Amino acid sequence: SGSQEHPLKKARRRERGFGPQSNSPVAYAGVTVCVAGIALALPTVKQWLVPAVEFRQVLPVPKLDARRPEALSAFFERFHGRQPVVFQGAMERWPARNWTLETLAELCPDAQLPVYRYDPSSSSWAHLADAGQKLLPEYLQQDFHGASEKPGSLYGLEMTLRMECPRLLEDLRISRFFSDDMLLRHYPSNSWPTLIAGPKGTRSGLHRDTHDLPFWMAMFRGRKRLRIFAPEDPAIDSFFLPDRNGFAFDAFRPDGWAFPGITAATVYEHVLLPGELLYIPSAAPHGAENLEDAVAVSANFLDPRGLELHKTRTCSKALWRDSKLCWFHVNDFEKERPSPMEKMQEDRTYFEVAGFNGPRAWCDDFQPRLAEKAAKRAE
């Protein structure tokens, strides 16, 4: 019948010693040799089968002592618009260095913190799915877990200080490296600086910031691991997703099979510590994960020395060319001239950089605009 093996095939199989009914020593010897050969070859097979799990070059982010007299010129000559850098000693005189979780809760009792859940399958920016808002004091008390890590924790991002807790602005300083910021002076929709708070284990996916703007981040609590790529790296460019201004692959656990060629990219890595100030240049893809409960403040900015790069790199992209930052406000930006470095020797308050004499003058200007927004959006 069709289920029976052809006699000739059966005989040949038995002759070779591989028949199920054969007790030939040759059969067992052959199997033993085969298994031994596979065992010896496993390391080579494993190397071939398992995709690369690290990038070709993982470089430390350069450091710059902000207290040195030549630090300002070194920043603009070596790093501005080119590569990330960590400033050490830049925040020593900031009153905000004294913030604790308790003082943040006390100073901002009604502040609403937008929260997100990291989801690798999400099509959202940075793979962060919107999870609503939480009161900042409740979040800091309930979601921060100390040494433990709780799966599914929410990441608090982009809490606009001027809208949610203006009192914190009085304690901040704008570092002299970024004090030529035109967005604070000419961009009314500017929402920076913002508070970022995340429990241990929270993270973001690889992304670029809005309008590919450069940004700074000041670390106040915990440790945050960051990976940063060059603004244009051919090894990852083909995996860019314009609809979310980000990338599908994991910057911390690269999958060389699913994304062929990405491991040829060069990436910078740094674990940001309290008291450190980080600069990331325009259009540089980056991702972050919190190694401990972490609190930081961050701000995108645009200065006259970076305007030409903004116009040629950012505004030439279809994603941004119709934005007001690429046509309407550029008229104001082009009127600005870079401040002489001898006038950029001191950190300044937020209010000074924004063009006001102090908090009272800023409040008098901002309250009418806040009332107008409240009339449109009661929340």
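Quick notes on this structure:
- Residue among Arg173, Arg244 that alone is charged (D, E, K, R) and more than 30 Å from Gly355 (Cα to Cα): Arg244
- When segment 204-221 is filtered for residues that are surrounded by 22 or more Cβ atoms within 10 Å (Cβ to Cβ) and among the charged types (D, E, K, R), the ones remaining, listed by number, are Arg208, Asp212.
- Selected residue (criterion: farthest from Leu195 (Cα to Cα)) from residues of segment 103-137 that are assigned to a loop (DSSP other than H, G, I, E, B) and open to solvent by less than 60 Å² (accessible area, probe 1.4 Å): Ser122
- Any hit, segment 140-148, residues being within 23 Å of the chain's Cα centre (by Cα) and under 25 Å from His80 (Cβ atoms): no
- Any hit, segment 164-186, residues being in contact with a Gly (Cβ under 7 Å, 6 or more places away or on another chain) and open to solvent by 10 Å² or more (accessible area, probe 1.4 Å): yes
- Matching residues, segment 268-294, being surrounded by fewer than 23 Cβ atoms within 10 Å (Cβ to Cβ) and of a type in the set (Val, Ile, Thr): Val271
- Residues in segment 34-84 that are at pLDDT below 95 and among the small types (Gly, Ala, Ser) were compared, and the one that is surrounded by the most Cβ atoms within 10 Å (Cβ to Cβ) is Ala52.
- Residue check, Lys224 surrounded by 23 or more Cβ atoms within 10 Å (Cβ to Cβ), at pLDDT 95 or above, in contact with a strand residue (DSSP E or B) (Cβ under 8 Å, 6 or more places away or on another chain) and of a type in the set (Lys, Arg): yes
- First in segment 115-133 and over 13 Å from Gly246 (Cβ atoms), second anywhere and polar (S, T, N, Q) and in a loop (DSSP other than H, G, I, E, B), Cβ under 6 Å, 6 or more apart: Ala129/Ser122
The values are calculated or read from the model by the stated rules, or taken from the named source; none is laboratory data. A quick note: this is a predicted structure, and the numbers were derived from the prediction, not measured. Methodologically, a virtual Cβ is constructed for each residue, glycine included, from the backbone with ideal geometry; neighbour enumeration extends over all protein chains shown. Accessible surface areas use protein heavy atoms only, side chains included; no ligands, DNA or RNA. Shrake-Rupley method; radii C 1.70, N 1.55, O 1.52, S 1.80 Å.
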